[in-house]
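To keep things clear, I will list the structure first and then write my remarks on it.
The values are calculated or read from the model by the stated rules, or taken from the named source; none is laboratory data. In this text, all values refer to a predicted model and were calculated from it rather than measured experimentally. Cβ: placed from backbone, ideal geometry, glycine included. Neighbour counts: every protein chain shown.
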């Protein structure tokens, strides 16, 4: 049986979303990491930083990670999705030799993140509404976030 991945994070019950994110932003990519791994590592860290600092996260940033968000908007959703993808990347993929099912899953999640951030048809808003998240009015991704999302498939 292959070894089980080790997911390392601060306590989600007691750590606020800002410091929770900072924990992952302080992590360094191994210097000998494969270029493809390093690219996904760096791009996800950049997106996490931009998303947690977006004004749409103001109502959520000081809540613990496990607390239901005050504002369940698309920036919050993508912050959660990108952060979990990053957690998966560092816990399940060998940085020196990325491959296999886990790495393919990370790549697929990265493509989905890019599509949802860059989408202009309202797909993400519709997804949020379908589960009762109705806080997207007036919320848009910054040009900086969109530019970083475009890098996900490079």
Checklist entry - Name the residues in the stretch 41-56 that are in contact with a helix residue (DSSP H, G or I) (Cβ under 7 Å, 6 or more places away or on another chain), assigned to a helix (DSSP H, G or I) and under 27 Å from residue 136 (Cα atoms), would you? => result 43, 44, 45, 46, 47, 48, 49, 50, 51, 52, 56
Checklist entry - Can you find a residue in the stretch 131-143 that is over 23 Å from residue 9 (Cβ atoms), modelled with pLDDT of 95 or more and surrounded by 14 or more Cβ atoms within 10 Å (Cβ to Cβ)? => result yes
Checklist entry - Of 59, 113, which residue is in contact with a helix residue (DSSP H, G or I) (Cβ under 8 Å, 6 or more places away or on another chain), surrounded by fewer than 21 Cβ atoms within 10 Å (Cβ to Cβ) and either modelled with pLDDT of 95 or more or assigned to a helix (DSSP H, G or I) (or both)? => result 113
Checklist entry - When you scan the stretch 89-115, how many residues do you find that are within 12 Å of the chain's Cα centre (by Cα), in contact (Cβ under 8 Å) with a residue 60 or more places away in the chain and under 24 Å from residue 31 (Cα atoms)? => result 2
Checklist entry - over 12 Å from the mean Cα position of the chain (by Cα) and surrounded by fewer than 16 Cβ atoms within 10 Å (Cβ to Cβ) - does that describe any residue in the stretch 74-87? => result no
Next on the checklist: Please verify whether residue 44 is farther than 21 Å from residue 126 by Cα, surrounded by 21 or more Cβ atoms within 10 Å (Cβ to Cβ) and either in contact with a strand residue (DSSP E or B) (Cβ under 7 Å, 6 or more places away or on another chain) or modelled with pLDDT of 95 or more (or both), treating the condition exactly as stated.
Outcome noted: yes
Item to check | Answer residue from the stretch 116-128, given it is in a helix (DSSP H, G or I) and closer than 19 Å to residue 71 by Cα and is farthest from the chain's Cα centre (by Cα) among those | outcome: 126
Next on the checklist: Suppose the filter is loosely packed, with under 12 Cβ neighbours inside 10 Å and closer than 23 Å to residue 144 by Cα; does residue 28 pass it?
Outcome noted: yes
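Each row is one residue, and each column tells you yes or no for (1) touching a residue at least 60 places away in the same chain (Cβ under 8 Å); (2) over 24 Å from residue 130 (Cα atoms).
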| residue | (1), (2) |
| --- | --- |
| 32 | yes, yes |
| 37 | yes, yes |
| 40 | yes, yes |
| 56 | yes, no |
| 60 | no, no |
| 72 | yes, no |
| 86 | yes, yes |
